[in-house]
Amino acid sequence: MNVLVLGCLTDATGNAVTAPRIARHLEPEHRVVLADARAFRSPSELHTLVRHERIDAAIGLHALLAGPLMLAADVPYALVFGGTDLYEPVHNLHMRQMSQAVASAECLVAFSPENQARAESLWPSAVGRVRCIPQAVEVEVDEGYSLRRTLGLADDDVLLLLPAGLRQVKDPLHLIEAVVAWHRTDRRVHLVLVGAALEPWYADHVLGRVATSAGVHYVPSLPRARFLAAVCEAAVVLNTSLGEGMCGVILEAMQLGTPVVARRNPGNAAIISHGRTGLLYETPQDFVRQTNSLLANKPYRERIGEAARRYVDAVHAMAPERRAYLTLVRDLCPGVSRSRTSDSESLITACPPRPC
């Protein structure tokens, strides 16, 4: 079977990790075309690709970024909810586009029961058509890279790592005043924001604040293996988002045993058991109090790291995710042979992305 996997493959975003992973799951049994949604100037261009590649079925990631294009594919498709499509406010026009894409999908995928409930509340037509497939985690660390060394931090400095694209929904400034005050009383404390400038107008605001905030650093998005090395050497990994679907970075930190301190929202609460596999905070002051207690208690940190690792191994393993997406594709086109075209590449990138 020829299968299209479509996502917005912007570097250092969740889609850029999830879409290729789904493609790799399918590749042993199907011929997979992995395409960047940014490459298509119009839905008709995607339709042309689908005809040229003889696509039998498609999987689109994100109801807004991929959904409207999926409508033009003219093949059975599944739509995977990403998170911001569920929790971030959108223009009425975008909501109508997402609603059309949801209604026309053969199948819908949510990463958690909480995401499923949110999707069904937004789009009643989704009720009964949503499958829950938790995201899987795969980590490969660049052992030779050190973010501490790059920033000139001492071995005993406290590295608070905040991985977040510079966009409003990630709210990367949420903790900045609290950390500046904390750094003033303890010079070892450093907040390091790592992420791409995804909303340039907002990124300028963030970078202006960082430049005048003692103890706060900004690092542009890192290659994935280097980023995961930074996760390993951090004291804690933070999440400050206003809303999340299922944050892959949190799962990666949990897999690597680095304690996570995350802002309480439905997506974060769905994967973090407070006090057991991580910490959930309500306010910046609550964050400082809880993180201070965590850092002061090494056995507590180790228990949380080990419990988080066990949770990810049990719930977010690769093999169940692979089986779920193979089943999904078979259900999309039950009458189509699943054997690959022998003279085609197993995994190809359909089109190079255009600059954002």
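Laboratory data are not the source of any read-out in this text; all were calculated from the coordinates shown. The model shown is predicted, which means the values in this text are computed figures rather than measured ones. Reconstructed Cβ throughout: ideal geometry from the backbone, glycine too, with neighbour counts over all protein chains shown.
Things worth noting here:
- Taking LEU108, LEU160, LEU49 as the candidate residues, the one with maximal mean-square fluctuation in a Gaussian network model of the chain, Cα springs under 10 Å, is LEU49.
- Most tightly packed first, judged by the mean number of other beta-carbon atoms within 10 Å of their residues, the peptides 238-247, 34-43, 78-87 read 78-87, 238-247, 34-43.
- Only Lys, Arg (+1) and Asp, Glu (-1) charged, at Cβ; the stretch 147-315 dipole about Cα centre in debye: 200
- For the stretch 1-106, the ratio of Cα radius of gyration to the globular rule of thumb 2.2 N^0.38 Å stands at 1.00.
- Convex hull volume per residue for the stretch 147-315, taking Cα atoms only, in Å³: 103
- Fraction of the pair-distance distribution of the stretch 45-151 above 20 Å, Cα-Cα pairs, percent: 46
- Ranked by how many other Cβ atoms sit within 10 Å of their own Cβ, fewest first, the residues GLU302, GLU53 fall in the order GLU302, GLU53.
- Calculated mean residue ellipticity, 222 nm, the chain: -13000 deg cm²/dmol, from DSSP H runs (n ≥ 4) at -39500 (n - 2.57) each, averaged per residue and rounded to 500.
- Close amide-amide hydrogen proximity is noted between VAL189 and VAL158, each under 5 Å apart and 5 or more residues distant or on a separate chain (H modeled in the peptide plane; Pro and chain starts excluded).
- Percent of Cα pairs in the stretch 173-269 per distance bin of 5 Å, from zero to the largest separation: 2, 12, 20, 23, 24, 15, 3, 0.
- The residue list CYS8, MET98, GLN116 was ranked by how far each Cα lies along the charge dipole of the chain toward its positive end, using unit charges on Cβ atoms, and GLN116 comes out on top.
- Equivalent ellipsoid semi-axes - Cα gyration tensor, the stretch 91-136, angstrom: 19, 11, 10
- If you wrap the chain in the convex hull of its Cα atoms and look at it from every side, the mean projected area works out to 17.7 nm².
- The chain: most fluctuating residue of ARG21, ARG188, ARG31 per GNM, C-alpha cutoff 10 Å: ARG188
- Burial ordering of LYS170, LYS298, fewest other beta-carbon atoms within 10 Å first: LYS298, LYS170
- Long-range HN-HN contacts of LEU162 with modeled amide H, under 5 Å: VAL192, LEU193, VAL194, LEU238
- Likely footprinting exposure, THR327, THR185, fewest C-beta neighbours within 10 Å first: THR185, THR327
- Max mean-square fluctuation residue, GNM over the chain, Cα-Cα springs under 10 Å, options PRO284, PRO259, PRO200: PRO200
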